[in-house]
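Inspection log for the structure reproduced underneath, given as structure tokens.
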Amino acid sequence: MGSPILEIRDLQVSLPAGSDRTHAVEGVSLRLEPNEILCLVGESGSGKSLTARAIVGLMPSPHVRISGGHIRFGDEDLRSVSAARMRQIRGSEISMIFQEPMTALNPLMTIGNQIDEVIQVHTKLSRKQRVERIVELLRDVQLPDPAAIFGAYPHQLSGGQRQRAMIAMALLLEPKIVIADEPTTALDVTTQAQILSLLKTLQAKHHTGILFITHDFGVVAEIADRIAVMRMGELVEVGEAAQILNAPQHPYTQSLIAAVPSLVPRKPRPAGDAPVLLEVQGLNKAYHSGGLFARKGRNVRAVKDVALKLRRGETLGVVGESGSGKSTMARLITRLTEADGGQIRLDGTDILAVPRKRMRPYRKRVQMVFQDPYASLNPRYKVGRLIAEGMIIHGVERRAAYERVHELLELVGLDARVAERYPHEFSGGQRQRIGVARALALDPEILVADEPVSALDVSVQAQVLQLLADIRDRLNLSMLFITHDLRVAAQVCDSIAVMRRGEIVEFGPTEQVFADPRHDYTRELLDSVPGKGWNAPRLAG
Amino acid sequence: MKEFWKRFSRNRSAVAGLLILIAVILLAILAPILYPEDPFSLVGLPMVEPFEGFLLGTDILGRNVAAGIAHGAKVSLLIGLFATLVAMLIGILIGAAAGYYGGWIDDALMRLTELFQTIPSFLFAILLVAIMTPSIESIVIAIAVVSWPTVARLVRGEFLALRKREFVEACVGVGMSDWRIITLQILPNCLSPIIVTGSLMVATAILIESGLSFLGLGDPNVMSWGFMVGAGRTVLRSAWWVCAFPGIAILLTVLAINLVGEGLNDAFNPRLRNR
């Protein structure tokens with residue numbers, strides 16, 4: 001190994017007084033070699049993003065500041081360079097790629113002009129040379145029809161195309177270092193796979209050093225040369241990718257890797273000739289846009305002729321990318337949204353034919369667990385009331401309802417005393433447990449879980465999944481499990497329905513879908529799962 | 001609550017406003033004790049200068065200006081308060097229904113709201129009072145009718161945003177009735193902007209009432225600040241105090257309420273202020 005292009009020594013980032021800890025980053029030392037991808041991995045709040053931002057001096061607020069350490073870039077210390085020099089470095093020698101390309105791009109400027117602005121600031125090329133350079137670069141990041149993209153506005157591109165444009169902008173001046181902060185987290189798996197391979201190709205071509213920040217070990221396995229793991233502002237382990245992924249030393253890294261769900265489906269449960277509890281046929285929903293005076297509205301068919309069967313005690317996974325209609329379907333089945341047509345038979349009764357006013361007895365049989373543990377609990381009420389409310393509406397006597405709340409809280413692994421506290425006092429994982437307790441309060445037969453773990457950190461995710469599986473087995477619940485994450489689906493579901501553009505393209509037992517996918521799209525999805533070639537070692541603990 | 005007061009009191013001018021407001025309220029409560037006589041009764045010579053027998057002098061008919069201000073405080077505050085309450089009630093009902101149900105209900109209610117907003121509010125208030133004949137009730141109704149659209153739009157916006165939140169969907173999912181969801185689940189979550197708007201509306205209502213009384217459209221049986229300014233305007237150059245003191249009373253009260261409203265806003269949204 002040669003000399004590193006970037007060397008961070010003993011970096012300290014302090015937080016304003018009154019925060020839950022004094023330092024966001026404490027004593028982090030890292031080296032980035034030329035021509036390598038270093039992945040900085042950690043859960044939310046680990047200080048990984050702040051470490052990266054400290055390098056280019058982009059702190060989120062004046063109260064968060066670097067309080068110690070050195071950041072050596074070549075023969076300069078980035079902590080002490082002038083503001084003018086820092087501006088010169090940013091963009092031309094160190095550039096950044098952000099998580100959300102829609103907010104990182106100016107919506108009022110064409111892609112071409114935004115990239116052009118960067119060149120204008122840093123070089124003295126003529127307009128013609130610049131345009132040539134940009135078009136060539138857009139071709140490099142494999143954007144179709146670069147000339148058209150040059151004149152397009154950000155909202156006219158898809159998420160993946162925007163991220164490609166961002167990458168083009170970052171690589172424009174051939175920087176020595178690219179800092180990529182969760183660049184694929186907001187993208188669908190198939191797009192993510194393309195972007196990751198693009199980054200890898202370009203990195204090899206230009207010999208760039210990439211500092212890649214992520215929380216996803218699958219992505220790490222896909223792209224990393226070396227890995228650094230952070231927790232609570234401290235670096236816990238640094239090493240070669242193969243070593244960390246297959247033989248992690250630190251207990252924290254071990255627990256993180258153990259929490260990554262395996263892509264190999266779990267052993268199938270004794271399958272069923274259990275009776276069919278829910279049967280969906282010919283379900284349709286279209287969304288119209290355009291108002292009173294619009295000539296013709298747009299018509300989007302979110303769910304097209306969907307048919308499903310869910311047996312008692314079975315877990316059916318619905319997987320698909322964003323916009324595939326999987327969430328809409330969940331909302332149609334719980335009747336949060338009215339369907340345009342079709343049948344949803346619950347034990348033989350078509351609930352779509354039941355008038356809204358008389359839905360109550362059916363509502364309690366199908367309950368929902370939501371994605372966002374922060375938005376799904378009313379911040380104004382105590383936990384006990386949130387859980388008890390449904391029971392009281394359904395005629396349970398007040399005292400009995402609150403007694404049941406205590407049982408439910410214990411069932412989901414919380415102390416019964418938390419009933420007296422407000423939702424904001426809990427962490428994401430705990431709130432999701434409260435959400436599960438609320439869904440269970442009405443003794444439902446079917447639990448519809450819409451991405452219940454995708455807002456959670458991987459270690460918490462594993463706990464919540466375990467909880468859902470336990471409860472399902474104990475209460476013999478049927479579960480409709482909506483997810484975009486095939487790893488999670490492999491571990492939780494008995495059978496799987498793959499959705500694309502409102503249609504179910506494949507439906508079968510989990511093992512069969514994973515081992516022998518019939519539809520091309522399913523194959524594409526499976527091929528795109530990051531880190532598919534890596535099987536997390538099953539470690540103790 | 002303690003925390004709330006701490007954040008409120010960080011804004012000095014809001015505390016000053018609150019003190020003035022408390023003083024005005026005390027004046028209104030104590031008016032019958034301080035000046036037990038009818039404020040319309042003639043107590044001395046006309047146009048006596050301040051501090052010559054009467055604290056704030058007398059007006060063109062010899063009525064005590066200080067007594068008028070004290071009794072007028074009660075009228076101004078009560079009209080401001082009631083008109084705001086009525087406007088809030090209408091605005092919240094309409095805004096909540098529009099935001100919660102959406103679709104054609106929203107369209108219909110919002111077109112209605114816009115219809116009211118297109119008419120200049122003070123002219124509309126004059127028209128309403130003139131039709132209904134001036135009295136405290138008709139003034140309250142007129143002010144409420146011209147001020148509810150603001151509340152309706154605000155509440156609709158909040159409801160539109162909160163309606164899609166998952167906690168509301170969870171309530172639909174357990175079979176909760178719409179009325180219960182609107183009143184117990186969504187409304188408590190948008191109380192803070194409503195309270196802030198409401199406090200500022202009290203100030204506007206007081207101004208409209210003063211304006212109406214100034215034009216002679218006030219209730220003829222009660223003393224009000226606007227009426228006093230209107231009655232004294234002809235002698236502005238010879239007896240300035242007849243207009244000036246009730247004018248200052250209006251100014252201070254409206255200013256105080258505005259400051260308190262600002263303070264409430266800061267206290268409800270502490271993050272906005274710390275930026």
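The values are calculated or read from the model by the stated rules, or taken from the named source; none is laboratory data. Remember, predicted model here, so these are calculated numbers, not experimental data. All Cβ positions, even for glycine, are placed from backbone atoms using ideal geometry, and neighbour counts span all protein chains on display. What goes into the accessible areas is simple: the full protein's heavy atoms, side chains included, and nothing from ligands, DNA or RNA. Shrake-Rupley method; radii C 1.70, N 1.55, O 1.52, S 1.80 Å.
Roughly how far apart, in whole Å, are the Cα centres of the range B:130-175 and the range B:183-243?
Answer, in whole Å: 21.
Determine the order of B:Ser177, A:Ser495, A:Ser44 by accessible area, beginning with the largest, at a probe radius of 1.4 Å.
Most to least solvent-accessible, the answer reads A:Ser44, B:Ser177, A:Ser495.
How would A:His63, A:His394 rank on accessible area, largest to smallest, probe 1.4 Å? Display every interim value, and only then the final one.
Details: A:His63 120, A:His394 50 Å².
Final ranking, largest accessible area leading: A:His63, A:His394.
For the range B:95-112, in order, what is each residue's ³J(HN,Hα) by Karplus, 6.51 cos²θ - 1.76 cosθ + 1.60 with θ = phi - 60°, in whole Hz (x at glycine and Pro)?
Coupling constants for the range B:95-112: x, 5, 5, 5, x, 6, 7, x, x, 6, 4, 4, 4, 4, 5, 6, 4, 4 Hz.
In a GNM of chain B with a 10 Å cut-off on Cα contacts, which of B:Ala256, B:Ala152, B:Ala161 has the highest mean-square fluctuation?
Residue with maximal mean-square fluctuation among B:Ala256, B:Ala152, B:Ala161: B:Ala161.
Where only protein heavy atoms count, and the probe is 1.4 Å, what is the accessible area per residue for the protein assembly as shown in Å²?
Result: 46 Å² per residue.
When DSSP assigns beta bridges and you keep just the ones with both residues in the protein assembly as shown, what percent turn out antiparallel, to the nearest 5? Mind dumping the intermediate values first?
On the way: 46 of 83 bridges.
Antiparallel: roughly 55 percent of the beta bridges in the protein assembly as shown.
Using the structure shown, select from A:Lys382/B:Lys2; A:Lys48/A:Lys200; A:Lys48/A:Lys326; A:Lys326/A:Lys532 the pairs with a Cα to Cα distance greater than 28 angstrom.
Pairs exceeding 28 Å: A:Lys48/A:Lys326.
Would you be so kind as to identify which of A:Gln371, A:Val300, A:Phe514 lies farthest towards the positive end of the dipole of the range A:276-528, taking Lys and Arg as +1 and Asp and Glu as -1 on Cβ and the Cα centre as origin?
Looking along the dipole axis, the top candidate is A:Val300.
With angles folded into 0 to 90 degrees, how steeply does helix A:428-440 sit against the dominant principal axis of chain A? Use alpha carbons for both and round to 10.
20
Might you work out the accessible area of B:Thr234 for me, using a 1.4 Å probe with all protein chains in place, and round it to the nearest 10 Å²?
The value for B:Thr234 is about 110 Å².
On the protein heavy atoms, probe 1.4 angstrom, tell me the percent of accessible surface of the range B:2-274 carried by carbon and sulfur.
In the range B:2-274, the share of accessible area belonging to carbon and sulfur is 69 percent.
Once you average over the residues of A:383-390, how many Cβ atoms of partner chains fall within 10 Å of each Cβ?
2
Enter the accessible area of A:Tyr252 (Å², nearest 10), with the probe set to 1.4 Å and all protein chains included.
30
Which order do you get for A:Asp520, A:Asp470, A:Asp116 if you rank them by accessible area with a 1.4 Å probe, largest at the top?
So, going from the largest accessible area down, we get A:Asp520, A:Asp470, A:Asp116.
Determine how large the accessible area of B:Arg10 is when every protein chain is in place; take a 1.4 Å probe and give Å² rounded to the nearest 10.
For B:Arg10, the solvent-accessible surface is approximately 140 Å².
Which of B:Met223, B:Met110, B:Met132 moves most in a GNM of chain B, Cα contacts under 10 Å?
Per the Cα network of chain B with a 10 Å cutoff, B:Met132 tops the list.
If you fit an axis through the alpha-carbon atoms of helix A:127-140 and take the longest principal axis of the Cα set of chain A, what angle between them do you get, 0 to 90°, nearest 10?
Helix A:127-140 and the main axis of chain A meet at about 50 degrees.
Report the Cα centroid-to-centroid distance between the range A:465-529 and the range B:1-72 in angstrom, as an integer.
Spelled out, the Cα-based centre of one part sits 74 Å from the other.
Pop out the ³J(HN,Hα) list for the range A:464-476 in order, Karplus 6.51 cos²θ - 1.76 cosθ + 1.60 with θ = phi - 60°, rounded to Hz; leave Gly and Pro as x.
The phi angles translate into 5, 4, 4, 4, 4, 5, 4, 5, 4, 5, 5, 9, 6 Hz.
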